[in-house]
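Right, one structure below, let's go through it.
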Amino acid sequence: MSVAIFENTIEFARQQDETDPLAAFRDQFFIPQRDGRDEIYFVGNSLGLQPKQTPEYVLSELENWRMCGVRGHFEGDYPWMPYHNFLTEPMAKMVGAKDSEVVMMNSLTTNLHLMMASFYRPSDARNKILLEQHAFPSDHYAVESQIKFHGYQPAESMLLVSPRDGQENLNTDDIVQSIKDHRDSLALVLLPGVQYYTGQFLDIQAIAQAATPLGIPVGIDLAHAVGNVPLQLHEWGIDFACWCTYKYLNSGPGSVGGCFVHEKHHGNNDIPRFTGWWGHNKATRFEMSNQFDPSLTVEAWQLSNPPILSLAAIRSSLDVFESVGDFQKLREKSVLLTGYFEWLLENELAEQVSIITPRNTNERGCQLSLTIETKNQSGVEIHRELERRGMMTDWREPNVIRAAPVPLYNSFQDVFYFVKNLKELL
């Protein structure tokens, strides 16, 4: 799909939807209703919509439980004992990893703690963690608590990187330089793939190339990146990554998260980790020995059997992505859809709406973060009024409206009507 120029007309938006090869995927999702009409739902970066096939997937496991009881662990089309393995191949494909490097388990912050138990190994000389100044609070809390757990002080052991004065986004050169400047004291780099507030897609490969030769582990929080931007975790050589599945992966509130550990760490029994039965070698797990024999894949970091109903919802969502085929198709539509959004805002509301998300499409996903400048209304009041009109975005303190037209289920008409309504309010 390509266009030479955008137009601010509903006819243009309709034409783009009619020629969009992915337009039919919208019909595979339940769209919330407002006054008998579809909401314009731009909050897939917070909670993705439910695929229409998800109830069938979940109910199937409830039926298997009803009919088979404990035998459901080993019987049926998708037995529970290996159920997480049914998600591995499509998930690994989405993040650019080998199957052995990806597992679905726990929640995002739990996985961050498990990874830091293995990869944050501080000493008096090297105990700092590089984190962004405006990290998502849960990441900040996790890092702070890990530092305290090891007997160090966050004020001294948290190395915070910030945008340059007068800028909103992080500078890759500054991150790389900070890594080099603190090479002798850094024990871990932990950064987002896509920054939650600004929507900036960081140059993960450049960061890894700066840290890895210095023996500094690199971990990435992919909560806002998975299902949103193209990823090549294995090729980039990062040590670990964690993500949730309820945003762009559309798997339901609080759904089970995902974890990546690069294969270079598999089979290394010198790595400290918190262990559980599900991380034990599958071939000998039921011998019930108290001698832990770790799996030779990322599964060695598993603790317990996962909640099957949540995994069923994830499998449903991944099947939708699989039916799209190449993720690049979604990426191409995302670039075009968000580009149209950006163009309309700049042409219609440039004096009142500022976009703090990078303009370079290689440095962002589908989200645009907007600040509103009016004399009579605050940004949060505009956000609330949009919501009353069925235009769903989310507000992030201190002054940003986040709007994410998701290529799987949002349309060019959604973008057109959103900007039209915002202009009426302003």
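Key figures for this structure:
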item: Footprinting exposure proxy for V226, V102 (fewest neighbouring C-beta atoms within 10 Å first); result: V226, V102
item: Region 82-322: projected area of the alpha-carbon convex hull, averaged over directions, in nm²; result: 12.8
item: Relative counts (whole %) of C-alpha pair distances in the chain, using bins that are 10 Å wide; result: 4, 21, 29, 25, 15, 5, 1, 0
item: Per DSSP, loop chymotrypsin sites (Phe, Trp or Tyr not before Pro) in region 60-97 with at most 12 further Cβ within 10 Å; result: F74
item: Convex hull volume of region 113-239 per residue (C-alpha atoms, cubic angstrom); result: 104
item: Exposure proxy ranking, count of Cβ atoms within 10 Å, fewest first, for S323, S334; result: S323, S334
item: Length released on extending from F286 to Q177, taking residue separation times 0.36 nm less the Cα-Cα span; result: 34.3 nm
item: Rg(Cα)/(2.2 N^0.38 Å) for region 99-158, N = residue count; result: 1.20
item: For K282, distant residues with modelled amide H under 5 Å away; result: none
item: Viscosity 1.002 mPa s, temperature 20 °C, Stokes-Einstein D of region 1-157 from Kirkwood C-alpha radius, µm²/s; result: 102
item: Principal axis dimensions, largest first and in whole angstrom, of region 287-426 by Cα; result: 70, 33, 27
item: Exposure proxy order (Cβ contacts within 10 Å, fewest to most) of L330, L159, L214; result: L214, L159, L330
item: Considering only the chain, percent of DSSP beta bridges that pair antiparallel, nearest 5; result: 55
item: Debye-sum result for region 263-304 in log10 I(q)/I(0), which assumes one identical scatterer on each alpha carbon, at q = 0.15, 0.29, 0.30, 0.32 Å⁻¹; result: -0.30, -1.06, -1.12, -1.24
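Every number here is computed from the coordinates shown, using simple stated rules; none is lab data. Only a predicted model underlies this, so the values are computations on that prediction, with no experimental measurement involved. Neighbour counts run over all protein chains shown; Cβ positions are idealised from the backbone, glycine included.
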